[in-house]
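Participant: I am attaching a structure below and will ask some questions about it afterwards.
The values are calculated or read from the model by the stated rules, or taken from the named source; none is laboratory data. On a predicted model such as this, the values are computed, not experimentally measured, just so you know. Quick reminder, even Gly has a Cβ in these numbers, built from the backbone with ideal geometry, and neighbours come from all protein chains shown.
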Amino acid sequence: MSEKTPKLELPLNIPVTITLLQDQPVCGNSQYGPYYLYNIVNGDGQTPRSFFAAPEVHEKLKELKKGDRAKLLKKAEQRGSKIITVYEVEVEKTQQTSATAVINNGSNDNFFELMLQSCRDAVKIQNELGGLMDPKSVAVTLFIARSRVTANGFGG
């Protein structure tokens with residue numbers, strides 16, 4: 001008789017740091033809809049756990065690989081008369097040399113960082129507005145505006 005891996009339940013308003021134990025989650029469909037099962041180790045670093053990620057959490061975790069870490073925060077927010085669950089996912093930077101660092105290493109301009117920040121901000125804007133905006137268009141717009149601002153704060 002094999003024991004089931006304990007399931008990680010995220011508590012409200014308490015951040016939990018997880019480490020992925022595999023490159024990709026197990027994805028499938030059940031009577032409740034699609035599911036995304038991650039095998040993780042939580043903050044204690046000792047106990048492997050199963051984590052069923054909400055779709056919005058999966059969208060942020062799906063690019064991570066084995067050994068990558070993320071901080072998850074489950075919050076309850078009121079929208080009108082409804083109380084909804086909102087998740088914050090903060091991916092922790094790894095100490096490994098990333099492909100983006102190698103690409104950026106030979107460049108002295110600030111455009112690479114501007115574009116990365118513009119993309120990150122565009123995704124935040126999209127999430128804030130419930131998907132009403134195309135993040136690619138927002139990212140390009142932000143990048144153009146930021147790249148035209150000079151040190152004194154005026155367009156050049």
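Participant: If I filter segment 5-53 down to residues being without any contact (Cβ under 8 Å) to a residue 24 or more places away in the chain and surrounded by fewer than 10 Cβ atoms within 10 Å (Cβ to Cβ), which single residue comes out as nearest to Val91 (Cα to Cα)?
Facilitator: So the residue we want is Asp44.
Participant: Check Gln126 against each of (1) surrounded by 12 or more Cβ atoms within 10 Å (Cβ to Cβ); (2) modelled with pLDDT of 85 or more and name the one condition it does not meet.
Facilitator: In the conditions (1) surrounded by 12 or more Cβ atoms within 10 Å (Cβ to Cβ); (2) modelled with pLDDT of 85 or more, Gln126 misses (2) alone.
Participant: Kindly establish whether Arg79 is under 24 Å from Gly130 (Cα atoms) and either out of contact with any Asp or Glu (no Cβ under 7 Å at 6 or more places or on another chain) or touching a residue at least 60 places away in the same chain (Cβ under 8 Å) (or both).
Facilitator: Taking the combined requirement at face value, the residue satisfies it.
Participant: Given the criteria surrounded by 10 or more Cβ atoms within 10 Å (Cβ to Cβ), part of a loop (DSSP other than H, G, I, E, B), modelled with pLDDT under 85 and not aromatic (Phe, Trp, Tyr), does Ser147 qualify?
Facilitator: Taking the combined requirement at face value, the residue does not satisfy it.
Participant: Could you count how many residues in segment 129-144 are assigned to a helix (DSSP H, G or I) and either of a type outside the set (S, T, N, Q) or at pLDDT below 85 (or both)?
Facilitator: Residues flagged as assigned to a helix (DSSP H, G or I) and either of a type outside the set (S, T, N, Q) or at pLDDT below 85 (or both) within segment 129-144 amount to 8.
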